[in-house]
Amino acid sequence: MHPIVSALKHHKTTVVLVALEIALTCAIVTNALFLIGDRVAAMRVVTGVADHELVWARTTGLDLGQDTRMGADIDADLAALRGMPGVESVAMANTLPLSRNYMSVGAWRRPGDKKSEIDNVVEYAGTPGLLHTLGIKLSAGRDFLPQDYVPYTPGLFGSPDSKAPPPTAAIVTHTLAEALWPGENPLGKTFWLDSDGKEPVQVVGVTGHLLNPRITKYQGADRNMILPSTRLVGGVYVLNVRPDMRGAVARDLPGVLTRIDPARMVKAEIYADTIADYYHGDRAMVWVLLVVTGCLLALTALGVVGLSSFWVQQRTRQIGIRRAIGATRRDILRYFQFENLLIVTMGIAVGSLGAVGLNLWLMRRYELAHMPLAWLASGAVVLWSLGQCAVLGPALRASRVPPVVATRTV
Amino acid sequence: MFGYYLDLAWRSLGRNKVLTTLMVLAIALGIGASMTMITVLHVMTADPIPGRSGQLFYPQVDPQGMEGYSKASDPPDQLTWLDAMSLLHARKGVRQAAMSAGRVTVVPPQGATHAFIADARYATADFFPMFDVPFADGGGWAASDDDKHARVAVIARELADKLYGTPHAVGQLLRLGKYDFRVVGVLDDWNPAPHFYDLSMGSYAKPEQVFLPFETAMELKQGTQGSMMCWGDFPTDGDMTKANGCAWVQFWVQLDTPARVASYRDFLAGYSEQQKALGRFARPPNVRLRDVMQWLDYNHVVPGSVQLQTLLALGFLLVCLVNTVAMLLVKFLRRGGELSVRRAMGASKRAVFAQLLVEAALVGLAGGAVGLLLAAFGLWVVRQQPVEYAAFAHMDGAMLAATFVLAVCAALLAALFPAWRACRIVPARLLKTQ
C-alpha cells in the first residue's frame, strides 16, 4: 500500500474530521454556487425594451378611485413631454416590463370554446408610437396602423370609461404565438378575447421577446400581447430619452406636468432604476450567499492550514530521516500536497452526495430549481484548489527541514 | 478547583495564540452569522398581538361556483362585501370588524399643491378595541357612526404631527380628495409585526396613516387596494360593494372561550347552508376559523429567502463546529505530556476532562463576545436593506443571552470528543517516551 495512505491510517480521527469539514463545506458551497448562478441568470434576462433610454411617469389625480385624465388632457401632457430637451419620443402605456403592475386575460383559439383558452396572458396596451418609444423590435409582421387604435384599457373593458370593444389587431410574443398555434406562422391568425371569448383579435406582428411586468408562476416570463389604444385610463407616460439626459428629464418632468394641471401628483422614475429595484431581493441574496461562501471557504482553509502545520511539526524528525536517506525537497513537498489531495478528494466524494441530497431537499421545500450535476464539478474544483493553496505554506516549510534533524533527538 | 482550571486554561490558551485566535474566530463567525439570521427569524415569527392572539379569529367561507371544486380546496382568503356585512351584523362574537386596505389623497392645510397619497384602512368600529390599538388622543368611532356613514377619521400620530404639528388633533378637519372628515382619534405608536390583520399588503407592511369607517369610504368611492380574488363578474361601475363574485374584505372576530369558538364554527357552517339554500353559494359548507398564529402559519408569512438564509447560517455554524473540534483535538493531543504528568500525580480522568472543558468554555465565551459584535454588524447590514422587515431587525435581551448560551454550548459540544480522547491517554506510555 502506498506509504501516504498507511501514514494517514495513524491519524484516522483527525483525517476523518478534516474530510468531514471539507464534505460539509462542499455540500453547502456547491448549492450556494448553484443558487448564485441561478439568481444571476434570472437577473440577466433581457426586458426586450431599450432599458437605458427610458424614463417613465405616473400621474394621479387628487381624487383616487374616480380620477384620471382623458382625451385632450392626455394629448396636452404628451405634447408638453415631447417638448422637453433630450426627449426623443413619448407614448402612453398601461404598464412596463418589470414594473410589477399587470392585467392578464384569457386568449381563446376558438370563439366561446372554453377548452381552447390559454389563461393568464399579460396585456400591454399603448398609444401610437409605443413600439418606437420602447425600442421594441418586431421579428415579423408590422406595427399598428392608425385605424387599429381604439379607446381601450386592459382590465376596464365594459366599464363606463371603456365601453368600446377591444382592438381588432394585436402584436404577440413568440412565446404566446407558440402557445396558441404551435409550429405555425401566427401572422394573420385570429384569437378571441373577453371573459366569454367573443371578441376577435387578429395578429399583425410578432416580437421575439418582451418581458412581463412581473415574472410569476402563472403568467410566465414573456407570454404577452400588445394592443393598440388611443387612450388609457390610469396609464403611465413613457419617454425615450438620450441616456445622458435621463436624470434631468426625471427631475424636471413633475414640474412640466403640474404646470399644465396643478391638481395632481406626479412620480417620475428612470427605467433602469425600476429594473434594479425589481431585482433587489435577488441581488441581496447573491451578496449573502457570496459572503457566507467566502467565510466558509476561509474557515475551511484556516482549518487545513492549522492541521497541516501540526502534522509538519509532528513529523519533523521523519522528514529529516527521509531527507537524509535521499528524498529531495520536491519529494517532501509532493508528499504533503498529495496527502492533502487525498483527504480533500475523500471530502468531496462525500460532500457531492450531500450536495445532491441538500438540493433535493431544498427543491421539495422551497421550489428551487433542480441542480444539474455539472455544478458538482464547480464545487470540487473550488475545494481542490482551496486545499492545495492551504497546504502549500506548511508543505514548503516541511520541504525546508534540513536532513540534519534526523541526527538530533527532539 | 474551578479557579485553578481557569488559570490552567488561561495559560494554555496563551501558549499558542494563533490557534486560540483561530478557534475564537471560527466560533465567532458561526455564532455571528447564525445569530443574525435567528434574530431576524425570531422577529418575523413573533406574536403580533401578544395576549390576544389566541382569541382573535379569521373566518373564511366559500361562495365560489362549483367549477374547480374538490373536497380539499381552501375557501378564498377573504370575504365578499355581502358576506362580511352579514357576519358583522350577526354579531355572534364578542367583537368583530370588517376591513380593507385603501389609498387616500391627503390634502394638507397648505393647499392642493402639497397633496400626497397615504395608505388607509377602511374598517368598522370594533377594529380599535378588538386589536387593543393605543390612542394618543381621542378614540375610535362608534358602531352608530358606521351605520350613518359618518365622515369621521382616525389618523396616525405621524400624520397628525405632519398636518397639524401636534398629536392632539381631535376635532381638526382632515381633507381627503374633495371630502372633509372630522378627526376623532389619533393613534399612538402602533406597529404590529407581522401586519397580521391584512397580509395582502405585505406581511410586514407599515401600519396605515388614515382610518375611515368602511361604509363611509365605500359610499364616497375611495380607492381600495390589496389582493382581490374574483370568480364572477367584476362590477362595471367600480362599486366594490356590488362585487358579489369578488372576495376582497378581511374580517376578524374575537371569541373568548373554546365554547364560543365551536359555536362560531357551527354558525359559519349554518350560514353557508342558508346561503346555499338561497342560491348564492354553490358549494357544500366549506368554512375555516383560524386564530392569529394559525392564520400567519397558513399564509407562510416568513419569506422563503429568510428561511433559506437561516439554514445557510446554521450550516455555516455546523462547519465552524467541526472546525473547532478538529482544532481542539490537535491542541489537546499535543498536550499529552502535560496531561500525563497531571494524571500521574493523581488527577482523575474526570478532573482532566473538566479542566479541558473549562478551557473550551473560555474559548466559547470569547467566541460569543466577538460573535455578538459580528451579529450586531450583521443586523445593521439587514437594517440597511430596503426590505419591509428591515426596521424590526434589532437584538433584544433574550437574543443577547441566547448568543452567549449558544456560543458556550457550541464550544463545549465541540470539546466533548477531543477532551474524551485526551483523557484516554495512558500516562505511563507518554511519560516513558519523554
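Bear in mind these aren't lab numbers, they're just calculated from the coordinates by the rules spelled out. Only a predicted model underlies this, so the values are computations on that prediction, with no experimental measurement involved. Note: ideal-geometry Cβ built from the backbone for every residue, glycine included; neighbour counts use all protein chains shown.
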(message) If I take every Cα pair under 8 Å that is 6 or more residues apart in chain A, average their sequence separation and divide by the length, what percent do I get for the relative contact order?
(response) 26 percent
(request) Compute the Rg to Rh ratio over region A:1-120 from the alpha carbon atoms, using the Kirkwood formula for Rh, and round to two decimal places. (result) 1.37
(message) Output wanted: per-residue J couplings in Hz (rounded whole) for region B:89-105, from phi through Karplus 6.51 cos²θ - 1.76 cosθ + 1.60, θ = phi - 60°, x for Gly and Pro.
(response) 7, 5, 6, 8, x, 4, 9, 7, 8, 9, 7, 7, 7, x, 9, 10, 9
(message) Treating only the Cα positions of chain A as identical point scatterers, give the base-10 log of I(q)/I(0) from the Debye formula at each q in 0.07, 0.09 Å⁻¹.
(response) -0.54, -0.70
(message) Run the lone-cysteine check on chain B: no other Cys C-beta under 4.7 Å from the residue's C-beta.
(response) B:320, B:409, B:423
(message) With angles folded into 0 to 90 degrees, how steeply does helix B:349-384 sit against the dominant principal axis of chain B? Use alpha carbons for both and round to 10.
(response) 40 degrees
(request) Would you mind working out the magnitude of the charge dipole of chain B relative to its Cα centre, with +1 at each Lys and Arg C-beta and -1 at each Asp and Glu C-beta, to the nearest 20 Debye? (result) 2900 debye
(request) Just report the Cα centroid separation between region A:169-209 and region B:160-235, whole Å. (result) 42 Å
(request) Find the Rg to Rh ratio for the protein assembly as shown, where Rh is the Kirkwood radius over alpha-carbon pairs and Rg uses the same atoms. (result) 1.07
(request) Have a look at A:325, A:260, A:28 and tell me which one the Gaussian network model of chain A (Cα, springs below 10 Å) gives the largest fluctuation. (result) A:325
(request) Express in whole angstrom the spacing between the alpha-carbon centres of region B:348-404 and region A:369-410. (result) 32 Å
(request) Enumerate the lysines that residue B:276 could reach by cross-link, defined here as Cα to Cα under 27 Å, with residues fewer than 8 away along the same chain left out. (result) A:114, B:71, B:92, B:242
(request) Find the relative contact order for chain B and round it to a whole percent, using C-alpha pairs within less than 8 Å whose residues are 6+ positions apart. (result) 28 percent
(message) Run through region B:72-137 and list the trypsin sites (Lys or Arg not before Pro) located in a DSSP loop whose Cβ has at most 12 other Cβ atoms within 10 Å.
(response) B:91
(request) Working from Cα positions, state the angle (0 to 90°, nearest 10) between the long axis of helix B:258-277 and the longest principal axis of chain B. (result) 40 degrees
(request) Can you tell me the alpha carbon radius of gyration of region A:303-410 divided by the globular rule-of-thumb value 2.2 N^0.38 Å? (result) 1.47
(message) What is the sum of charges, Lys and Arg at +1 and Asp and Glu at -1, for the other residues whose Cβ falls under 11 Å from the Cβ of residue A:216?
(response) +4
(message) Under 10 Å, Cα contacts only: if you run a Gaussian network model on chain B, which one of B:172, B:96, B:78 comes out with the highest mean-square fluctuation?
(response) B:172
(request) Go ahead and run the numbers for FRET between residue A:361 and residue B:148, Cβ-Cβ distance against an R0 of 45 Å, rounding to 0.05. (result) 0.20
(message) Which log10 I(q)/I(0) values does chain B give at q = 0.07 Å⁻¹ under the Debye formula, counting every alpha carbon as one identical point scatterer?
(response) -0.53
(message) Over the Cα atoms of region B:56-298, each weighted equally, I'd like the Debye log10 I(q)/I(0) at q = 0.10, 0.11, 0.13 Å⁻¹, rounded to two decimals.
(response) -0.48, -0.58, -0.80
(message) What does the net charge come to around residue B:134 if you take all other residues with beta carbon closer than 13 Å to its beta carbon, with K and R at +1 and D and E at -1?
(response) -3
(message) Based on the alpha-carbon set only, what is the convex hull volume of region A:63-262 divided per residue, in Å³?
(response) 126 Å³
(message) For a distance above 15 Å, tell me the whole-number percent of Cα pairs in region B:313-399 that qualify.
(response) 72 percent
(request) Provide the convex hull volume over Cα atoms per residue for region A:296-335, in Å³. (result) 56 Å³
(request) Over region A:121-251, calculate the relative contact order: mean separation of alpha carbon pairs under 8 Å at least 6 apart, over the residue count, as a percent. (result) 37 percent
(request) Using a cut-off of 14 Å between beta-carbons, work out the net charge of the residues near residue A:321 (Lys and Arg +1, Asp and Glu -1, residue A:321 not included). (result) +4
(message) Compute the angle between helix A:374-399 and the longest alpha-carbon principal axis of chain A, please, reported from 0 to 90 degrees and rounded to the nearest 10.
(response) 30 degrees
(request) With unit charges on the beta carbon (Lys/Arg positive, Asp/Glu negative), name the residue among A:347, B:258, B:32 whose Cα is farthest towards the positive pole of the charge dipole of the protein assembly as shown. (result) A:347
(message) Considering only C-alpha atoms, what is the centroid distance from region A:109-133 to region B:51-103, in Å?
(response) 34 Å
